[in-house]
Amino acid sequence: MALPVAQPAEVLRAYQKDDLYEKQLAGSIARLVPSYHASKAIPVSSLLYKSFTTLKDLQTLGEEYSGIVQVDETYHRLPSFSSRLLSILLSAFGENLTRRLLSHIEKQIVQNSSLKPQAQNLIIIVLKTLSNVVPQIESIHRALSYITGGPLQIGKTATGINYVHVRPAAAAYYAHLRLLGIVTLLHAFISCGQSLYQAKKQMDDMSDFPNEVDNSKSCIACLEEIIQPSVLQCGHLFCMQCCYGVLDSCPLCRSPFSKNTVVPLMNYSP
């Protein structure tokens, strides 16, 4: 006889307990490592915590507290070791790796001299928009979990992991969780809509943008307002940070330049 599927409130309660223990562990790790590595304490603590529980075929402290157990898509067996490992890695490092990947692709696009400036700028806008939307994807997934049930982590959903009750749960109607899910979903959609609107606005501006930037306040390399304007040998203006960054040729006319030829314009504002 199949065990009952865990209710959203029990999954949330287990998640909150585990998150509390992971943050306490992260605080202890942060005190042991140099300050410039402190930001890595949270994903490392999550990896360690779940390695000694989930990977060992054990309940986490939160799951034990709520009386739930992870199962595979059949709801009759524990998830395979590979599924558990992959879900842990995705939960701990998925968002960070996604951002790093998008940033790496963006740098490759900037350095790609075979692309036309308009195509290059369009791809960069899309990548920046995706980077802004990544946190909202997690919020949307969590909101759907509040409403329909299932794990709160995208990594578990992607690997087919779910939860069942192993002891009787209190009968209750969790209307407040569904309301929270609806509010979270609306907030995430509004945030995504704002990011898409900004991307469309940038694309519209780019369609009217001439092959010069002298009369604009936008840097064509980073698509932000020009800060500390600097001029290249070809006469095009960019941010100082962009000129001394990864650029080795003008994004507009493809003229190569060296860092020592960049001229900062100290008292000039485009």
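What follows is calculated from the coordinates using simple rules that are stated; it is not laboratory data. Quick caveat: nothing in here was measured; it's all calculated off a predicted structure. When we count neighbours, we look across all protein chains shown, and the Cβ atoms used for this are built from the backbone with ideal geometry, even at glycine.
What to note about this one:
- Cα-based helix-to-principal-axis angle, 117-148 vs the chain, degrees rounded to 10: 20
- In degrees, nearest ten, helix 41-51 long axis to first principal axis of the chain (Cα): 30
- Our helix-only sum for the chain, with -39,500 (n - 2.57) per DSSP H run of n ≥ 4 divided by its residues, gives a mean residue ellipticity at 222 nm of -18500 deg cm²/dmol.
- Cross-link table Lys17/Lys56; Lys107/Lys201; Lys201/Lys259; Lys23/Lys128, entries beyond 27 Å C-alpha to C-alpha: Lys201/Lys259; Lys23/Lys128
- Charge dipole (the chain, unit charges on Cβ, about Cα centre) - positive-most of Ile226, Ile147, Asn121: Ile147
- Amide H to amide H distances under 5 Å link Val71 with Asn162, Tyr163, Val164, where only residues 5 or more positions off or on other chains count and H is placed in the peptide plane.
- Taking region 238-265 and a reference point 7 angstrom along Cα→Cβ of Lys116, the backbone N atoms nearer than 17 Å belong to 251-254.
- Stokes-Einstein diffusion coefficient of region 1-95, Kirkwood radius over Cα pairs, 25 °C, 0.890 mPa s, in µm²/s: 172
- Potential lengthening of the chain between Gln16 and Gln198 amounts to 62.1 nm, from the contour at 0.36 nm per residue minus the alpha-carbon distance.
- Amide N of region 151-167 lying under 16 Å from the label point, which is placed 7 angstrom from the Cα of Glu73 along Cα→Cβ: 151, 155-163
- The chain: angle of helix 175-207 to the longest principal axis, Cα-based, in degrees nearest 10: 20
- Mean-square fluctuations from a GNM of the chain, with a 10 angstrom spring cutoff on Cα atoms, peak among His165, His37, His104 at His37.
- Each Lys and Arg adds +1 at its Cβ and each Asp and Glu adds -1 at its Cβ; summed about the Cα centre, the chain shows a dipole of about 480 debye.
- Percent of Cα pairs exceeding the 22 Å cut-off, where the set is the chain: 67
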